[in-house]
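Asker: Here's a structure for you.
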Amino acid sequence: MSAAEHGILPAQTIADMFKEGAISAPRQPDGDQIQPASLDLRLGPLAYRVRASFLPGPGAKVLEKLDRLKLHAFDLTRGAVLETGCVYIVPLLEGLALAGDVSATTNPKSSTGRLDVFTRVITDDGRAFDTVPAGYRGPLYAEISPRTFPVLVREGSRLSQIRFRKGQPTVGDAELAEVHRQHGLVSGGEATIGVGVHLTIDLRGEGDGALIGYRGKRHTGVIDMDARAAQDPLDFWEPILHRGRGDLILDPNEFYILVSREAVHVPPLFAAEMVPFDPLVGEFRVHYAGFFDPGFGHSEIGGGGSRAVLEVRSHEVPFIVEHGQTVGRLVYEHMLARPDTLYGEGIGSNYQGQGLKLSKHFR
């Protein structure tokens, strides 16, 4: 496979995959389901509450494991509430029949991650979460576990997204430095490159008294995953203000929304994914939802100054994060072709030009 044959599949190719049967579903795709370099995945009509998370492993089917681990099944056609602290498995509407040279990865959608809904996709015979091997033929399942807020979902709700690729399209550091020189991949920080572009945290904002983040409240109402601008933020979030210091103590098992110091740019011929920096630098996890589509932060379509929103959760002990601390990496990949439509070009792009921003569910 030549270098020109390595890349992330663009929206027009994903649309063709539906027509050719490589992606199947019992109903037509939603009008905004295909993004520039990814596809939103829709929940099916039936959900299972299970005793524990699991991977089927080689030679095993998800439904076989469900027979042993399910507590009960329930209907999603009229909507149902998923409670915090519980684990659910939902067969997705989309199934796959991938070509032998096409693999895929999945991730929570940005709006899902910003609500602290832990979501990942599993396949039959699966040995790893959020990973679809080349040539896979079979169904897809979402594992869902709300961590902070109970959520209302229904058949067709879209919590996860999938990205298809041929070969190994990751951009190495030397090439990435040249792409940054030409296109400016980040601004407002130091543009440190090392296995991707490093992102740091902003804990100063506009100065004393400025809003620098949010912490999720406990014992709140239910959030409808399909309802935009339906909730008052203060019913679900405690604002965090800058008080003259450039640090923040993360309390164990609390959920925070923070923001990167750098503005991010994903040029049209690239896609990016944010991954945690290094678990050895601190006992916290950053960013559940990591896909950045081509055109994110592209100034020509109104994205100048788009920053990365950070979904942060500390683990066993309190941990101090400081302004400018590295918390993640943006790993860039080549597109196989430029998408017909870029992120922010009239396709329901909720976070173009964003700063510190909650999910689309809040007014």
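The values are calculated or read from the model by the stated rules, or taken from the named source; none is laboratory data. Just so it is clear, the model here is predicted, and its values are computed rather than measured. All Cβ positions, glycine included, derive from the backbone under ideal geometry; neighbour counts span all protein chains shown. These area figures cover heavy atoms from the full protein model, side chains too; ligands, DNA and RNA do not enter into them. Shrake-Rupley method; radii C 1.70, N 1.55, O 1.52, S 1.80 Å.
Asker: List pairs: first residue in the stretch 230-241 and touching a residue at least 12 places away in the same chain (Cβ under 8 Å) and open to solvent by 60 Å² or more (accessible area, probe 1.4 Å), second residue hydrophobic (A, V, I, L, M, F, W, C) and not in a strand (DSSP E or B) anywhere in the structure, Cβ distance under 8 angstrom, at least six positions apart or on different chains.
Answerer: Hits for this filter: 241/210.
Asker: Among (1) open to solvent by 10 Å² or more (accessible area, probe 1.4 Å); (2) out of contact with any Pro (no Cβ under 7 Å at 6 or more places or on another chain), which single condition is residue 65 missing?
Answerer: Looking at each condition in turn, residue 65 falls short on (2).
Asker: Kindly evaluate residue 57 against the criterion of being buried (at least 16 other Cβ atoms within 10 Å of the Cβ) and closer than 30 Å to residue 170 by Cα.
Answerer: no
Asker: Select from the stretch 205-222 the residues that are farther than 13 Å from residue 358 by Cα and either modelled with pLDDT of 95 or more or of a type in the set (A, V, I, L, M) (or both) and list them in ascending order. Can you show your working first?
Answerer: Within the stretch 205-222, the subset farther than 13 Å from residue 358 by Cα is 205-210, 217-222.
Passing the criteria: 210, 217, 220, 221, 222.
Asker: Provide a single number: the residues in the stretch 1-26 that are more than 18 Å from residue 135 (Cβ to Cβ) and modelled with pLDDT under 95.
Answerer: Number satisfying all stated conditions: 3.
Asker: Going by what's in this entry, would residue 337 be described as at pLDDT below 95, surrounded by fewer than 23 Cβ atoms within 10 Å (Cβ to Cβ) and in contact with a Ser or Thr (Cβ under 8 Å, 6 or more places away or on another chain)?
Answerer: Considered against the rule, which asks whether it is at pLDDT below 95, surrounded by fewer than 23 Cβ atoms within 10 Å (Cβ to Cβ) and in contact with a Ser or Thr (Cβ under 8 Å, 6 or more places away or on another chain), residue 337 comes out as no.
Asker: Shifting gears a bit: Among the residues of the stretch 27-48, how many are surrounded by fewer than 17 Cβ atoms within 10 Å (Cβ to Cβ) and in contact with a Leu (Cβ under 6 Å, 6 or more places away or on another chain)? Talk me through it step by step, then tell me what you get.
Answerer: Taking the stretch 27-48 first, the residues surrounded by fewer than 17 Cβ atoms within 10 Å (Cβ to Cβ) are 27-28, 30-32, 45-46.
Then keep just the ones that are in contact with a Leu (Cβ under 6 Å, 6 or more places away or on another chain); that gives 45.
So the answer is 1.
Asker: Scan the stretch 141-183 residue by residue and report those that are over 26 Å from residue 215 (Cα atoms), outside any strand (DSSP E or B) and open to solvent by less than 30 Å² (accessible area, probe 1.4 Å).
Answerer: 156, 167, 169, 171, 176, 179
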